[in-house]
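*Asks:* Questions regarding the structure given below will be posed in turn.
Derivation of every value follows stated rules applied to the coordinates shown; laboratory data play no part. All of these numbers come straight from a predicted model, not from anything done at the bench. Here the Cβ positions follow ideal geometry from the backbone for every residue, glycine too, while neighbour counts run over all protein chains shown.
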């Protein structure tokens with residue numbers, strides 16, 4: 001059965017969330033809540049439905065500590081409960097498209113041959129229409145959709161997050177072994193619970209007035 005949250009809940013939780021500067025390292029996200037956030041990541045929409053990403057979930061404390069120096073010295077990766085690294089697939093090719101079409105056929109019971117025109121469209125757009133650099137850039141745009149899904153979903157569960165573009169992506173790839181998997185780190189997000197001493201938690205959220213942001217035509 002489809003259920004919805006109240007409008008006030010949505011707005012209040014989005015007002016509540018902020019880019020957490022200090023996490024309480026003693027507080028951990030429950031397995032049940034984390035399972036829901038993983039599902040939210042899996043359910044993220046993407047262009048063509050291709051999901052050109054991998055989400056690297058890090059809870060090992062030693063690994064998280066190694067990432068601090070390559071995160072501009074920020075402590076969020078080490079002090080959070082879970083760190084997610086959003087990485088793009090660097091090897092999107094026709095074989096990957098075929099694997100996706102096989103999955104469509106499996107999940108929906110659709111005859112594989114009926115997807116030929118869809119394959120042609122994706123191949124024309126992504127493989128023939130773009131070089132590798134352009135495909136990687138396209139995939140990076142998709143990753144930010146997943147990041148937004150993650151931040152919003154966490155807020156609705158009362159879980160704090162901090163999106164982090166301030167990372168040395170190549171160093172992340174090296175430390176996590178992503179380069180060996182044809183993956184490239186783009187952005188990270190720390191998740192957990194705010195520390196009581198984080199002064200930013202009580203700071204008013206600063207946004208331009210609605211009439212300056214929304215254009216209604």
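*Asks:* Among the numbered criteria (1) touching a helix residue (DSSP H, G or I) at 6+ places or on another chain (Cβ under 7 Å); (2) free of Cβ contacts under 8 Å to residues at least 40 places away in the same chain, which one does residue 208 miss?
*Replies:* (1) is the only condition that residue 208 fails.
*Asks:* Residues of segment 70-115 being in contact (Cβ under 8 Å) with a residue 60 or more places away in the chain and either closer than 16 Å to residue 171 by Cα or out of contact with any strand residue (DSSP E or B) (no Cβ under 8 Å at 6 or more places or on another chain) (or both), which ones?
*Replies:* Narrowing segment 70-115 to residues in contact (Cβ under 8 Å) with a residue 60 or more places away in the chain: 70-72, 74, 76-77, 79-91.
Those that are in contact (Cβ under 8 Å) with a residue 60 or more places away in the chain and either closer than 16 Å to residue 171 by Cα or out of contact with any strand residue (DSSP E or B) (no Cβ under 8 Å at 6 or more places or on another chain) (or both): 70, 71, 72, 74, 77, 83, 84, 85, 86, 87, 88, 91.
*Asks:* In this structure, is residue 45 closer than 30 Å to residue 104 by Cβ, touching a residue at least 12 places away in the same chain (Cβ under 8 Å), under 15 Å from the mean Cα position of the chain (by Cα) and loosely packed, with under 13 Cβ neighbours inside 10 Å?
*Replies:* Numbers: closer than 30 Å to residue 104 by Cβ: yes; touching a residue at least 12 places away in the same chain (Cβ under 8 Å): yes; under 15 Å from the mean Cα position of the chain (by Cα): yes; loosely packed, with under 13 Cβ neighbours inside 10 Å: yes.
Yes.
*Asks:* Take residues that are surrounded by 15 or more Cβ atoms within 10 Å (Cβ to Cβ) and tell me which of the helices (runs of 4 or more DSSP H) falling wholly in segment 131-217 contain 1 or more. Please lay out each step first, then the result.
*Replies:* Details: elements: 132-156, 169-176, 210-213.
Counting at least 1 such residues, we get 132-156, 169-176.
*Asks:* If you check residue 18 against the conditions, is it crowded, with 16+ Cβ neighbours inside 10 Å, within 19 Å of residue 144 (Cβ to Cβ) and touching a helix residue (DSSP H, G or I) at 6+ places or on another chain (Cβ under 8 Å)? Show your work before the answer.
*Replies:* Working: crowded, with 16+ Cβ neighbours inside 10 Å: yes; within 19 Å of residue 144 (Cβ to Cβ): yes; touching a helix residue (DSSP H, G or I) at 6+ places or on another chain (Cβ under 8 Å): yes.
For residue 18, the condition - crowded, with 16+ Cβ neighbours inside 10 Å, within 19 Å of residue 144 (Cβ to Cβ) and touching a helix residue (DSSP H, G or I) at 6+ places or on another chain (Cβ under 8 Å) - is met.
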